[in-house]
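The values are calculated or read from the model by the stated rules, or taken from the named source; none is laboratory data. Bear in mind that the values here come from a model prediction, so they are computed numbers and not experimental data. In this analysis, Cβ positions are derived from the backbone assuming ideal geometry, glycine residues included, and neighbour counts consider all displayed protein chains.
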Amino acid sequence: MAAQVALPAIEITFSPAIGIKEAGDAAYERRDYKTANECYGRALQIDPNLIPALLNRSLTALRTGDKDVAFRDATKAALLLEPTKRQPEGRAKLSKALFRKGSAQAQAGQYLEALDSFRAAAKLTKDPALQMAFHDTLHALPIANVAKHWADSIEDAQQPILMSSRDGKLLKPVPAAARLSPARLLQCLQQACGKAHVAREARRMLCECWRMGEDAMVALAYGPRTEGSCSRAHAHALRACAEEGLKDLVIAALEMQRAMEEDSDEPQWRSERDRLLLLIPDKESALLQEEGARGLEKWLEAEKERNLPEFKKHRPKYYYYYEWMRERITQHCGALPAPVLSKLLDVEAGELDTWLNYPKGIQAKAQQLCGVLEEHGEKYLETWQVPLLTWEELQELKQLYEAAPMPTLESPDSGMQHLLEESEVDSCPLPPIEEEHNDLDSDIDLDAMD
């Protein structure tokens, strides 16, 4: 009888903090936020680094209006979760901690700091509640803060780039004599943002800027079109001036056309557009007048695609296979009606390749399909089942191919004979071979050669 082996005893420990935390969860489910908050606090007295308790007390503190405790717990949880952000579960919990940290900052009136926390959380997970928090916080953000952000963005965009010939990071600097001082620039932006429709657009553009985690250029690119606002028209007109300075007159005319379409009541956009039309080729000018900015933009995209190298062009799946098969079919059968050619290309690749290996086979199938097209029409041909080659038909094609005479050279002056005559072999003639010998000697005397 086999001897019994004594297994080591496994000690299972249960942290009292977890039990108290679960009691807090039960209270939270009953919407008893005060009791839940107290339970989470007792659990943290036992285990100060219990992350679920930190996250949950941050939430209940927000519910009860204790923004300081909510901020402190969420910040500590975020620091503890930072090493786990490469794991999916860790990223989700870290995003939750940052979300609650931002909510506490928003309750305290620290709107810019709250937006930074929300942006950091949005980089980790895509939570629709985060976007709602963005818009709610921006709605409460004072216009002075919005104007300050854009003023700082403009100043930063005009700063020079080290080790680069560009004048500014994103914007060409305004000459020093005409540049507004930072205080005056901020004042002008506050006045501009004081208007209701401009304020709404500035807030929304700022939201998109922060949400994308990029700079003011992204905010402008994602800026919404709002009724009653002509800021986008001015932006297009400014870009048109920049493109004209870079000698790209077609894009300059396109941008001025966009400005005119955005704000049709401004006569300056039309006059500038008409001036630029005289400076660009007739084709682009006609497209812009007849089809507008969208028409010229589509044409420019098509031209760009057409001028790309073949390996960079966007082609549908199996494009090159169909082009190759179409070329081979045309080589054997000549020009075929489009429905017949399309039907041949729909044949299974191996079967079609077999037909193409025997010209008689592909010609017979093409003739058969042409007969169906003439007798029943295109609609019938689309659903007609093409009969495949039988074994007997394949053997007949092979016999025809094998019986065909091999091509011969027309004269000794062509082909390989011509190449041999022009090669350097003549400079080293082979020794003559006697006619009565049928076999060549395998050992050639190299000393006998000149």
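Hey, among Ala97, Ala140, which residue is within 27 Å of Ala23 (Cα to Cα) and of a type in the set (Gly, Ala, Ser)? After ruling out the rest, the residue left standing is Ala97. Among the residues of the range 93-128, those that are more than 25 Å from the chain's Cα centre (by Cα) and of a type in the set (A, V, I, L, M) comprise Leu94, Ala97, Leu98, Ala104, Ala106, Ala108, Leu112, Ala114, Leu115.
A search for C-beta distances below 8 Å between a residue of the range 139-152 that is assigned to a helix (DSSP H, G or I) and any residue that is modelled with pLDDT of 70 or more and charged (D, E, K, R), counting only pairs 6+ apart in sequence or on different chains, returns nothing. Quick check: is even one residue across the range 71-84 modelled with pLDDT of 85 or more, closer than 30 Å to Ala144 by Cβ, in contact with a Phe, Trp or Tyr (Cβ under 9 Å, 6 or more places away or on another chain) and not polar (S, T, N, Q)? Yes, some residue in the range 71-84 is modelled with pLDDT of 85 or more, closer than 30 Å to Ala144 by Cβ, in contact with a Phe, Trp or Tyr (Cβ under 9 Å, 6 or more places away or on another chain) and not polar (S, T, N, Q). What do you reckon, is Asp73 buried (at least 21 other Cβ atoms within 10 Å of the Cβ), in the same structural domain as Gln105 (by TED's automatic domain parsing) and either hydrophobic (A, V, I, L, M, F, W, C) or out of contact with any strand residue (DSSP E or B) (no Cβ under 6 Å at 6 or more places or on another chain) (or both)? Judged against the criteria, Asp73 is a match.
Pick from the range 295-332 the residues that are among the acidic types (Asp, Glu) and assigned by TED's automatic domain parsing to the domain that holds Gln363: which of them is modelled with the lowest pLDDT? By that ranking, first place goes to Glu323. For Leu373, indicate whether it is surrounded by 14 or more Cβ atoms within 10 Å (Cβ to Cβ), of a type outside the set (D, E, K, R) and in a loop (DSSP other than H, G, I, E, B). No: the conditions fail for Leu373.
Specify the residue that is farthest from Ala104 (Cα to Cα); the eligible residues are those in the range 15-69 that are hydroxyl-bearing (Ser, Thr, Tyr) and either surrounded by fewer than 22 Cβ atoms within 10 Å (Cβ to Cβ) or free of Cβ contacts under 8 Å to residues at least 24 places away in the same chain (or both). That would be Ser15. Taking the condition buried (at least 17 other Cβ atoms within 10 Å of the Cβ) and either modelled with pLDDT of 85 or more or in contact with a Cys (Cβ under 8 Å, 6 or more places away or on another chain) (or both), does Leu345 pass? No. Here the condition is being without any contact (Cβ under 8 Å) to a residue 60 or more places away in the chain and assigned to a helix (DSSP H, G or I); of Phe99, Phe134, Phe118, it holds for Phe99 alone. From the list Leu124, Leu94, Leu130, Leu115, the lone residue that is at pLDDT 90 or above and assigned by TED's automatic domain parsing to the domain that holds Ala27 is Leu94. Of all the residues that make up the range 105-131, how many are out of contact with any Ser or Thr (no Cβ under 7 Å at 6 or more places or on another chain) and among the aliphatic types (A, V, I, L, M)? Of the residues in that region, 6 qualify. What about Leu81, is it within 21 Å of Ala17 (Cα to Cα), free of Cβ contacts under 8 Å to residues at least 40 places away in the same chain and in contact with a Lys or Arg (Cβ under 6 Å, 6 or more places away or on another chain)? Criteria met by Leu81.
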